[in-house]
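Novice: I have a structure I would like to understand better, so I am pasting it below and will then ask my questions one at a time.
The values are calculated or read from the model by the stated rules, or taken from the named source; none is laboratory data. Remember, predicted model here, so these are calculated numbers, not experimental data. Virtual Cβ from ideal backbone geometry, glycine too; neighbours counted across all protein chains shown. Areas reflect the complete protein model, heavy atoms only, side chains present, ligands, DNA and RNA absent. Shrake-Rupley method; radii C 1.70, N 1.55, O 1.52, S 1.80 Å.
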Amino acid sequence: MAAPTKTPPATRTKRHPLGTWRGPERRYDLITEGTVAVIIVAVLCIIAAILWGSPNGGLTYPKAPASPPGQAFSAKYWDANDPSDLAQTAVQELLGATTTAGYGPPFNTTTGASQEIIGIKPAEIAKAIFGLTLPINTANDFVLAPVSGLIAPYNPLVAAAITRYKAAGGDLSPGAPAGNVASSQQATWLNNYATALAKPSATFTPTSVTVPPGNYGPVPVIIRAELLIAHNGSLDGYFQGSDQQLSTNTTKGTMFFSDGSLWGTIATAQGVAGDQWGVMNELWNYPGQVWLWLYSGMYQIPALNPSNNSNLDLDVGLLMILFGFLLPMFAPWIPGINRIPRWIPLYKIIYRKFYQSTGGGQPPVKKPGEPAAPPTPR
């Protein structure tokens, strides 16, 4: 019995787009189009900046002295405008009682500080793998180290105060838990001094603090030294210093500033606080980084309880992964969502000339002798 003859596959003629296209044609100069587009966009940006550009308001806020345009927040500005807040914040940094001190990874190993969802703590997992990527000890990094390096070598009284304070205990290692930063003796001094600073009888100047006598140990000398280096600007230089020739890392200074209240007061007065859509705002109500609307909008959702949700940042991060990454990636395969373009046919407006030229969207009729296009796979 003869073997069946195999039928050779039919050769498929490729359809050349230039030879079979029957739609409209026009010359297209890529260089000219690109140049014109850049010029038009530049002109529109300049006009928009003139009409709606946010003012360079410096650090203007109610009941504050006039701030020159472009002035940035600094320890020197903080000391000049609210030395009371600076002094009280420095005391809390020594005590380990600020937001930074109790934040947890990647800054420190404070127990129970990591945000979690269904019992999973991503920050703890990252710490177990990579360790603390930015270890911070608020007592040492924000107060003791700058005072020791900038003023103690030239002032025996300050040097003796630093020595006495360190001899009283406390954990000054990088990333120490908030509860270990101050010893019981240091905590007694600091709590007594914090109470004295909060009394109406306390008086402040940019370089001094006057409180009633009490059991404060060496703390008043250290706090006064902190005010002095803030006042002369050297504290800002310390926070911006690094082993590199040029440094743009202001992380530690920013964290120190945000632990105080003046930083938040200015942000709220200028309309750029977190609950005011601040991450996408410029000053007051001027528009800013509008592409951050989704991220900023998450913090405004009442269901997330932004004011009392200890896991808010993690919740927002997960929602951003869901709505900002996974949803756009898999939208073509999600029933209902993949039908939105048909329900809102913007593509018909964009390609209206093409649909008009093809009689309402019908493809051109095949000419006699023209090779057929390959069938579309199901």
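Novice: Of all residues in the range 327-377 being among the aromatic types (Phe, Trp, Tyr) and surrounded by 10 or more Cβ atoms within 10 Å (Cβ to Cβ), which is modelled with the highest pLDDT?
Specialist: Here the answer is PHE330.
Novice: Of all residues in the range 137-165, how many are under 27 Å from the mean Cα position of the chain (by Cα) and over 18 Å from LEU86 (Cβ atoms)?
Specialist: First, the residues of the range 137-165 that are under 27 Å from the mean Cα position of the chain (by Cα): 137-143, 145-146.
Subset that is over 18 Å from LEU86 (Cβ atoms): 137.
Total meeting the criteria: 1.
Novice: State which residue is modelled with the lowest pLDDT when the search covers only the range 256-279 and only residues that are crowded, with 17+ Cβ neighbours inside 10 Å, of a type in the set (A, V, I, L, M) and in contact with a Phe, Trp or Tyr (Cβ under 8 Å, 6 or more places away or on another chain).
Specialist: Out of the qualifying residues, it is ALA269.
Novice: Given the conditions (1) open to solvent by 70 Å² or more (accessible area, probe 1.4 Å); (2) closer than 27 Å to GLN289 by Cα, and given that ALA48 satisfies all but one, which numbered condition is not satisfied?
Specialist: Among (1) open to solvent by 70 Å² or more (accessible area, probe 1.4 Å); (2) closer than 27 Å to GLN289 by Cα, the lone unmet condition for ALA48 is (1).
Novice: Another question, then. Looking at the structure I just gave you, is GLY233 in contact with a helix residue (DSSP H, G or I) (Cβ under 7 Å, 6 or more places away or on another chain), surrounded by fewer than 18 Cβ atoms within 10 Å (Cβ to Cβ) and without any contact (Cβ under 8 Å) to a residue 24 or more places away in the chain? First the steps, then the outcome.
Specialist: Numbers: in contact with a helix residue (DSSP H, G or I) (Cβ under 7 Å, 6 or more places away or on another chain): yes; surrounded by fewer than 18 Cβ atoms within 10 Å (Cβ to Cβ): yes; without any contact (Cβ under 8 Å) to a residue 24 or more places away in the chain: no.
Here the answer is no, as GLY233 does not meet what is asked.
Novice: Do you know which residues across the range 184-217 are free of Cβ contacts under 8 Å to residues at least 24 places away in the same chain, among the hydroxyl-bearing types (Ser, Thr, Tyr) and open to solvent by less than 50 Å² (accessible area, probe 1.4 Å)?
Specialist: SER208
Novice: Further question on the same structure: In the range 290-321, how many are open to solvent by less than 80 Å² (accessible area, probe 1.4 Å) and outside any loop (DSSP other than H, G, I, E, B)?
Specialist: Going residue by residue through the range 290-321, those that are open to solvent by less than 80 Å² (accessible area, probe 1.4 Å) are 292, 294, 296-301, 304-306, 309, 311-320.
Remaining after also requiring outside any loop (DSSP other than H, G, I, E, B): 292, 294, 296-298, 304, 312-320.
The number of residues fulfilling the criteria is 15.
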